[in-house]
Structures are given as structure tokens and as C-alpha cells.
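Structure record follows, encoded as C-alpha cells.
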Amino acid sequence: SPTCTEKGYTTYTCKRCGEHYTADEVAALGHDYKAVVTSPTCTEKGYTTYTCKRCGEHYTADEVAALGHDYKAVVTSPTCTEKGYTTYTCKRCGDHYTADEVAALGHDYEAVVTAPTCTEKGYTTYTCRNCGDTYTADEVAVLGHDYEAVVTAPTCTEDGYTTYTCRNCGDR
């Protein structure tokens, strides 16, 4: 039988003496290639593999250059406590890296003083203008009451008494 590269023929052999000859030649079939395309990626070239369906002989051709990465940049802004950076991610294959680092901003605290009263201590509340982080410090002791005595003298019909009023808060 013919193959892809060899012609076919019939061999006639004498049963008595073994003499033989060939005839009825048939041309070689030639290869019957099936093409399988390997697409290029970001880092690897593409090509087509041609494989003969009959004999398995194969070769590659039709090369296409690698595509290269197609990066999209996503910026992560710095916060008070975390650095900022840009993440570059390839739209095709997902390869990624970070660059363009920016230092953390640090807190920007605003101070609000709560003065002490006669019954409660004073303190300062520090609140970050950027992120809302808060803490208290700088405690000041309770003032205590500062009573002033006002004497109301007795009259003919009323008893006398002393009224004690706090000069700071008006407590009686």
C-alpha cells in the first residue's frame, strides 16, 4: 500500500519457483496535515503545528511574536499608617508587580480641650483630620467645688440661714 512518502505497488510472486515482479504502481499519498494553532501569550511566541493524520510526521510554522504584557495601573493612595503604591496588572495573563511607593502620610491631629469641672477631670482629645483616629491625654484633675457662703440674717418671723453656692458651677 502507498504511504505518505512512498509509492505503492503490487508484487506478483510465482508459487512454484518464487520468481517475482512488481506492477500496478500507485503514487505516494502525500501528507494529510491537520493544523493546530498555539496562540501567542504575553511571553511566548505563537505558532501552528502541522501533523499528518496518516503517519504522524509533524512540523511547526507560521510563528507569531509574543504579545508582550498589557499592564493596567491601579493606584493605592497612602493613608496615615500605610504606604501608597501602584499595582500594575497585565490584562491578558494576570502578571503583576508593584512600584511607585509613597510613604505613609502620618497622622494630622487636631486637639480639643475639655476643661475640668468641679466634679469631672479635664483632658485633651486628639483627633486625626485624615482618618479619624482619636486618643485622649493631658488629664487635668477635678477642680472640686469652691463654695461661697452667703448669710441670710434671721428676722422677727423667719429663721436665718447660710446659703453655700459654688463659684465655679453654681451648685448649692
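The values are calculated or read from the model by the stated rules, or taken from the named source; none is laboratory data. Remember, it's a predicted structure, so these values are computed and weren't measured experimentally. Cβ sites come from the backbone with ideal geometry, for glycine too, and all protein chains shown count toward neighbours. Accessible surface areas use protein heavy atoms only, side chains included; no ligands, DNA or RNA. Shrake-Rupley method; radii C 1.70, N 1.55, O 1.52, S 1.80 Å.
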With the 1.4 Å probe rolled over protein heavy atoms, segment 54-103 has an accessible area per residue in Å² of 72 Å²
Using Cα springs under 10 Å in a Gaussian network model of the chain, which residue among TYR123, TYR71, TYR147 shows the largest mean-square fluctuation? TYR147
Across every pair of different alpha-carbon atoms, what Kirkwood hydrodynamic radius in Å does the chain reach? 27.4 Å
Which of THR87, THR155, THR134 moves most in a GNM of the chain, Cα contacts under 10 Å? THR155
So, R0 is 30 Å and r is the distance between the beta-carbons of LYS45 and ALA99; what FRET efficiency does that work out to, to 0.05? 0.65
Nearest-20 debye value, the chain charge dipole, Cβ charges on Lys, Arg, Asp, Glu: 1420 debye
Counting Lys +1, Arg +1, Asp -1, Glu -1, what net charge surrounds ASP32 among other residues with beta carbon under 14 Å of its beta carbon? +2
With R₀ set to 25 angstrom, the calculated FRET efficiency between the beta-carbons of THR38 and LYS91, to the nearest 0.05, is 0.75
Cut-off under 18 Å on the C-alpha distance; same-chain residues fewer than 8 positions from LYS34 excluded. Which lysines are left, in chain and number order? LYS53
Taking R0 as 41 Å, what FRET efficiency do you get between GLU110 and HIS145 from their Cβ-Cβ distance, rounded to the nearest 0.05? 0.80
